[in-house]
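Enquirer: Have a look at this one.
The values are calculated or read from the model by the stated rules, or taken from the named source; none is laboratory data. Please read all numbers here as calculations on a predicted model, not as lab measurements. Please note: Cβ atoms are built from the backbone with ideal geometry, for glycine as well, and neighbour counts cover all protein chains shown. Surface areas here come from the heavy atoms of the whole protein model, side chains and all, with no ligands, DNA or RNA. Shrake-Rupley method; radii C 1.70, N 1.55, O 1.52, S 1.80 Å.
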Amino acid sequence: MHCPEKLTLFLALSLTPALSALLLRSQQPQTSRLGQTLNRVFALINHILERMQAGYQRVLRQIIRFKMVVIGLFIVSLGATGWLYLTVPTAFIPDEDQGYVMNIIQGPEGTTQEYTGEVIDQVDQKMLQIPGVDSTFSLGGVGFTGNIANSGISYITLKPWNERTVEESAQALLNSAYESTANISQASVFAINPPAIMGLGSVGGFVFQLQDRTGGDLNDLLHIKDALIARANQRPELQEVFSTFTANAPKKIIEIDRDRAKALQVDVNDILSTLQILIGSHYVNDFNAFNRTYRVYVQADSQFRSNPRDVEQLYMRSRAGEMIPLANLIKMTPTTGAQTVTHYNLFRSIEINGMAAPGYSSGQAIAAMEQIAAEVLPRTMGFEWSGISLEEISSSGQAPLIFGLGLIFVFLVLAAQYENFIDPLIIMLAVPLAILGALLAQSMRGLANDVYCQVGLVMLIGLASKNAILIVEFANQLREELSIAKAAMEAAIARLRPILMTALSTLIGIFPLMVATGAGSASCQSIGTAVFGGILVATFLSLFVVPVLYIVINTLRFYLPKITAELKTVYFKAPFGHFQELMSISRKK
């Protein structure tokens, strides 16, 4: 047995009975100030509850007189629940404040790593001037698509959450970083959030894969990419839409004069090997020295390969033993092109990143990008989603299925307990009221219907059914002595106090999640808001709707067999009787 369990057992067997005897003592001594104070508090609480119970009884009596109006409003609430479910923005998981943000720095093509490092230092100095930033850590010559001299990544570490205000959150700092680096003309700087789930993408936000599905010219794909990004940055749902892919890196096309090489007795493979070893590098072997292992690479010194024209100063040996300059065997032509060409699902692709603008969800951002793609992309091109965006689209259709299975499971359990389908139906009709409150609370706070909200909706199936179970169970017990209407009303009045107490305790326990701050606060706020709003609305409305539903459904349950029997008599037995009479007359004739 663990230590907390031992402590709980000790308190339950020792201190709890003594405390219960102190609190539940009928007459406190006159000298006990604690007892007098507790009596006043309990008396005040009982007085408030009795007043609420009396007011609830008066209102319930009036509402029962207008049952059809309540049923109509209940049907309207069902429609409002469906409308809210379709209109509340959807998302996968909220963007959390993870304590750091990132800057992607991309300089002009062909620039050196030293140039990129100077730009990174300039960006870091601007970042350190933003309130809430603690430190920076930067890497030059590194990009998400590979090691590129003109790219860099800067990690901006934020101060601890308890030392930052709401205006210094990660999202607010991203906006400040965008404004601070907007005047840097030496390079493009993109301030982004880290991915919400590590491993699903390199950056936060959505990942859009633009594909060339016919193997056309790369320049056409670049033009479509530029048009797509330009249109996307004009949409209010999107911000920071960018792509690090470029195709204007300076290159040299080296053409080998094979006829001259053959005339000079130089092998073409030797030409290629010379270029690879001296300009690139070539691994030779390992050797041990001073108790360490060193790797040996062969390469020309940096001063002999820093300029493209240095290739013309290289020599190689022919089969005749003569040293032939490479300038006599090759021809170099300057050009531009892409440093790396990426593919996605076997098609040539360009990755486009972006984020949802403040006030919009990732689902709205994905829908906006799909709409732009339908307007801009030609038939020869398409797109795919990857990273966390792909997970969001894949899981979007599973939430109604999971929620429906939860409803069916709870309904079958209640049907087995009550041994009928009517009482579980009355109980389960309180669940849409909870869903209405949850989605309404999410919409009022500007939150999305994400995974955490959907977890809260599944929780509300049981939490909302609990109040209805209290009313239905007690009303069934009173049915032996009272009519349907009186039993429902007496059950609702008698169970008002336990319903309010359980609902109040649940709301108090959930409220800290609604106002959570710090690490993981976005997910806590999402699930807390959904459960709090659902319990609040379901508790208030179910106190009036469930008794009316109990009366209407059980009344139909009682009279429906009689009405059905009468209908059978009128529409089936009477014509059949006339038919028999006609047959007997025909036989006599």
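Enquirer: I want to confirm something. Restricting to region 252-272 and keeping residues that are in a loop (DSSP other than H, G, I, E, B) and among the hydrophobic types (A, V, I, L, M, F, W, C), which single residue is nearest to Gly337 (Cα to Cα)?
Expert: Val266
Enquirer: If the requirement is being surrounded by 11 or more Cβ atoms within 10 Å (Cβ to Cβ), polar (S, T, N, Q) and farther than 27 Å from Leu457 by Cβ, which of these qualifies: Gln62, Gln53?
Expert: Selected residue: Gln53, the only one of Gln62, Gln53 that is surrounded by 11 or more Cβ atoms within 10 Å (Cβ to Cβ), polar (S, T, N, Q) and farther than 27 Å from Leu457 by Cβ.
Enquirer: Moving on to the next point. Residues in region 367-382 that are under 16 Å from Pro89 (Cβ atoms) and open to solvent by less than 10 Å² (accessible area, probe 1.4 Å): how many?
Expert: Matching residues across region 367-382 total 2.
Enquirer: Another question, if that's okay. If you go through region 313-335 one residue at a time, how many are surrounded by 10 or more Cβ atoms within 10 Å (Cβ to Cβ), over 57 Å from the mean Cα position of the chain (by Cα) and not aromatic (Phe, Trp, Tyr)?
Expert: Final tally of qualifying residues: 13.
Enquirer: Do we find a residue being among the hydrophobic types (A, V, I, L, M, F, W, C), modelled with pLDDT of 80 or more and not in a helix (DSSP H, G or I) anywhere in region 503-510?
Expert: No.
Enquirer: Given the conditions (1) closer than 30 Å to Gly397 by Cβ; (2) at pLDDT below 80, which single one is not true for Gly110?
Expert: Condition not satisfied by Gly110: (1).
Enquirer: Does region 158-204 hold any residues that are of a type outside the set (D, E, K, R), open to solvent by 60 Å² or more (accessible area, probe 1.4 Å) and within 22 Å of Gly107 (Cβ to Cβ), and which are they?
Expert: Listed by number, the residues that qualify are Tyr178, Ala182, Asn183, Ser185, Gln186.
Enquirer: While we're here: Among the residues of region 421-430, is there at least one that is surrounded by fewer than 15 Cβ atoms within 10 Å (Cβ to Cβ) and over 20 Å from Leu78 (Cβ atoms)?
Expert: no
Enquirer: Another one. Can you name every residue in region 503-518 that is open to solvent by less than 70 Å² (accessible area, probe 1.4 Å) and in contact (Cβ under 8 Å) with a residue 40 or more places away in the chain?
Expert: Those that are open to solvent by less than 70 Å² (accessible area, probe 1.4 Å) and in contact (Cβ under 8 Å) with a residue 40 or more places away in the chain: Thr506, Gly518.
Enquirer: Condition check: of a type outside the set (Ser, Thr, Tyr), over 18 Å from Asn420 (Cα atoms) and buried (at least 21 other Cβ atoms within 10 Å of the Cβ). Does Leu460 satisfy that?
Expert: Here the answer is yes, as Leu460 does meet what is asked.
Enquirer: Looking only at residues that are at pLDDT below 85 and among the aliphatic types (A, V, I, L, M) in region 354-379, which one is farthest from Pro195 (Cα to Cα)?
Expert: Per the stated criteria, the residue is Ala357.
Enquirer: Moving on to the next point. Restricting the search to region 138-159, which residues are farther than 21 Å from Pro195 by Cβ and without any contact (Cβ under 8 Å) to a residue 40 or more places away in the chain?
Expert: Gly140, Gly141, Ala149, Lys159
Enquirer: What about Phe347, is it touching a Leu at 6+ places or on another chain (Cβ under 9 Å) and in contact (Cβ under 8 Å) with a residue 12 or more places away in the chain?
Expert: no
Enquirer: Picking from Val70, Val88, Val59, which residue would you name as being touching a Leu at 6+ places or on another chain (Cβ under 6 Å) and either at pLDDT 80 or above or at positive phi (or both)?
Expert: None of the others qualify; the one that does is Val88.
Enquirer: How many residues does region 464-502 hold that are assigned to a helix (DSSP H, G or I) and either touching a strand residue (DSSP E or B) at 6+ places or on another chain (Cβ under 7 Å) or surrounded by fewer than 22 Cβ atoms within 10 Å (Cβ to Cβ) (or both)?
Expert: 21
Enquirer: Return the total of residues in region 140-154 being crowded, with 16+ Cβ neighbours inside 10 Å and either among the aromatic types (Phe, Trp, Tyr) or closer than 28 Å to Ala519 by Cα (or both).
Expert: So the count comes out to 4.
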